[in-house]
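The values are calculated or read from the model by the stated rules, or taken from the named source; none is laboratory data. Treat the numbers as computed from the prediction; the structure is a model and nothing was measured. Every residue, glycine as well, gets a Cβ built from its backbone with ideal geometry; the counts of neighbours run over all protein chains shown. SASA here: full protein model, heavy atoms, side chains in, ligands and nucleic acids out. Shrake-Rupley method; radii C 1.70, N 1.55, O 1.52, S 1.80 Å.
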Amino acid sequence: MLNNMKDILTLKELQHIGKNTALRLVQSGEIETFRAGKHWRVARESVKKYIARFIQNALTNYIRNDILTA
């Protein structure tokens, strides 16, 4: 899926994950944005880094919980 994405996204294009979720991720700094004139943009690489961190955290938590319950 990410291979088909443009290198630069608009916030509207990021909202396919949900408007509130997209805004939360941007406002918290979990996904980096930059301004291009009056408009905010999101680098594709920033989305990929967020997904990688999300997956890593999920795996870490899963392994930690699995060890604690073993």
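List residues of the range 23-44, by number, whose backbone nitrogen lies under 20 Å from a label position 7 Å along Cα→C-beta of Lys6.
Backbone N within reach: 23, 26, 31-44.
Quick one: accessible surface of Thr60, probe radius 1.4 Å, all protein chains present, in square angstrom to the nearest 10.
Around 50 Å² of this residue is reachable by solvent.
Might you tell me the accessible area per residue for the range 1-65, computed with a 1.4 Å probe and given in Å²?
Values: 5040 Å² over 65 residues.
Accessible area per residue: 78 Å².
Give me the number: length gained by fully extending Ala36 to Ile55, i.e. 0.36 nm times residue separation minus the C-alpha to C-alpha distance, one decimal in nm.
Numbers: separation 19, 0.36 × 19 = 6.84 nm, distance 2.96 nm.
Between Ala36 and Ile55, full extension yields an extra 3.9 nm.
Apply the a/c threshold of 1.5 to the C-alpha gyration tensor of the chain and tell me whether it is rounded, prolate or oblate.
Numbers: a/c = 2.94, a/b = 2.30, b/c = 1.28.
It comes out prolate by the Cα gyration axes.
Residue farthest toward the positive end of the dipole of the chain, with Cβ of Lys/Arg at +1 and Asp/Glu at -1: which of His16, His39, Ile63?
The listed residue farthest towards the positive side: His39.
Report, in degrees rounded to the nearest 10, the 0 to 90 angle that the Cα long axis of helix 19-28 makes with the longest principal axis of the chain.
80 degrees
Enumerate lysine pairs in the chain that are 8 or more residues apart or on different chains, then count those whose Cα atoms are under 19 Å apart.
Details: Lys6/Lys48; Lys6/Lys49; Lys12/Lys38; Lys12/Lys48; Lys19/Lys48.
Value for the chain: 5.
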